[in-house]
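Read the structure below first, then the notes.
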Amino acid sequence: MENLGRINGKTELVGLLATPIGHSLSPAMHNLAFDKLGLNCAYLTFEVGNEELEDAVKGMRALNVKGFNVSMPNKMKILPYLDELADSAKFSGAVNTVVNVDGKFVGHSTDGMGYTRNLKEHGIDIKGKKMTLIGSGGAATPIAIQSALEGVAEISIFARDDAFFPQAEENVRIINEDMKHLNVKANVYPLENVEQLKAEIATSDILANGTGVGMKPLEGLSVIQDESMLRPDLIVTDVVYIPRKSKLMEQAEAVGATAINGLGMMLWQGALAFELWTGQQMPVDFIKEQLF
Ligand code: NAD
C-alpha cells in the first residue's frame, strides 16, 4: 500500500502483460525497488493473452508507458508488434522486457542475462566454459542464447523426445549458423541417450537444468538418474526455485559440486529489466531481504 501514497500526476507506468498473472512476484519486486530509490514509477499487471496482445501493445504505446514485462503466453507472440530487438531477444525469438526508447518499443530477453549475471554473483564467468544444458523451452532457450552471446566455448543441449525437440535443434542451428561470428560450438542430443549425456557432462564445466523437472508436478524428480555423472568440480545450476533445493540440487550437494538454484536467475532477470527501464540498479539485497 505504501506505493499508492506516492502516485501522482507524474507517475510513470511500467507493467506486465501475461496470463495467468496473479502469482507474479514482479509487482512486489519492482514497486519495492521504485519506493526504495524514490522513483516516481508504478508497476501494474494486466491479464493479457495472445488474443488481446496486439491491442494491449497499441494501448501501451498510446499511453506512452516507460516499459513493460511480457510473460507466458506472450513472450514469442509479441515480436511482430515491436520496433527493434536486442540480440538477446532476436536470437532467442522471445521477449520478456520492452523498453520505450523515445517512442520506439525495443524488446529484450533478460531471462538468459539473469542466468549469467547470477553465475557472476557466484564468481563464475561463462566465458570459455563448456556447458551441458537440459531443455529447450522458455527458460532453457534464453540461457543457451545468452551463454553463447557471452562467450561460452561449447554448449551441448539435451532435450526429451517431445514437442520441444525441434526447438533444441533450432537453438543449435542459430548458435552454429546465425551466431557463427561468436565461434561457439553447439551440439544437440536426445536426453534419452544416457551414455552421451554422461560423456558430455564429463567434459563440461557447467551442467544446467532448464526444465521444470524438480518442480511441481515433477517435484522429487531429477533430469540426472545416475549421480556418478556429477563430480565436485562441476557447477550444477537449476532454473527451478520452488523448492529451493530441488532433487538435482540435492544430488549436486551430495557429491560436493557447486549447486545454484533458479532464485538468482529470477531475481536478476527482474533487476536487469529494472535497469533497462530506469538506468538505475535495483537494490537487490534489499529486495532479497524483503521478498525471499
Ligand atoms: P516450457 O514449457 O517452455 O519448457 C519445458 C521444457 O522442459 C522443455 O524443454 C521440455 O522438453 C522439458 N521437459 C518437460 N518435462 C520434462 C521431463 N519430464 N523430462 C525432461 N524434460 C522435460 O517451460 P519453461 O518456461 O522453460 O519453464 C521450465 C521451468 O523453468 C519451470 O519450472 C519454470 O518455473 C522455470 N523457470 C524459471 C525461471 C527463473 O528465472 N529461474 C524463469 C523461467 C522459467
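The table for this structure:
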| item | result |
| --- | --- |
| Dimensionless Rg over Rh [the range 145-292; C-alpha; Kirkwood] | 0.99 |
| Tilt relative to the chain, helix 26-37 - C-alpha long axis, 0 to 90 degrees, to 10 | 60 degrees |
| Electrostatic dipole magnitude of the chain [Cβ: Lys, Arg +1; Asp, Glu -1; Cα centre; debye, to 20] | 520 debye |
| Hull-based mean projected area of the chain, where the convex hull spans the alpha carbons, in square nanometres | 15.1 nm² |
| Ordering of 237-245, 57-65, 124-132, 144-152 by burial proxy (mean other Cβ atoms within 10 Å per residue, highest first) | 144-152, 237-245, 124-132, 57-65 |
| Stokes-Einstein D for the range 82-146, Kirkwood Rh over Cα pairs, 25 °C, 0.890 mPa s (µm²/s) | 195 µm²/s |
| Protection-proxy order for peptides 26-35, 163-172, each taking the mean of Cβ atoms within 10 Å per residue, highest first | 26-35, 163-172 |
| Under 15 Å, Cβ to Cβ, from Glu250 - net charge with Lys/Arg +1 and Asp/Glu -1 | -2 |
| Ser24 paired with Arg173, simple spin-label distance in nm, labels 7 Å along Cα-to-beta-carbon | 3.2 nm |
| Using distinct alpha-carbon pairs, which all enter the 1/r mean, Kirkwood radius of the range 1-126 in Å | 15.4 Å |
| Segment Lys185-Asp55, extension gain: residue separation times 0.36 nm, minus the distance between their alpha carbons | 42.8 nm |
| Subset of Lys129/Lys288; Lys90/Lys180; Lys75/Lys104 violating a 23 Å alpha-carbon distance limit | Lys129/Lys288 |
| Rel. contact order, % - alpha carbon contacts under 8 angstrom, at least six apart, the chain | 15 percent |
| Förster radius 35 Å - calculated FRET efficiency between Lys120 and Leu79 (Cβ-Cβ, nearest 0.05) | 0.80 |
| Listed residue pairs exceeding 27 Å between alpha carbons, taken from Lys130/Lys245; Lys36/Lys216; Lys120/Lys247; Lys58/Lys216 | Lys36/Lys216; Lys58/Lys216 |
| The range 134-292 - percent relative contact order, Cα under 8 Å, separation 6 or more | 17 percent |
| Dipole of the range 52-143, positive end: most advanced residue of Val106, Asn118, Ser136 [Cβ charges, Cα centre] | Asn118 |
| In nm, spacing of pseudo-spin labels at Ile242 and Val255 (7 Å Cα→C-beta vector) | 3.0 nm |
| DSSP beta bridges in the chain [antiparallel fraction, %, rounded to 5] | 20 percent |
| Principal-axis tilt of helix 140-149 within the chain, Cα atoms, nearest 10 degrees | 90 degrees |
| Spin-label model distance (nm) - Leu63 vs Phe286, 7 Å beyond Cα toward Cβ | 2.5 nm |
| On Cα atoms only, tilt of 50-62 relative to the major axis of the chain in degrees | 50 degrees |
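Read-outs: derived from the displayed coordinates by stated rules, not from any lab. Being a predicted model, the structure only gives us computed values, none of them experimental. We place every Cβ from the backbone using ideal geometry, glycine too, and count neighbours over all the protein chains shown.
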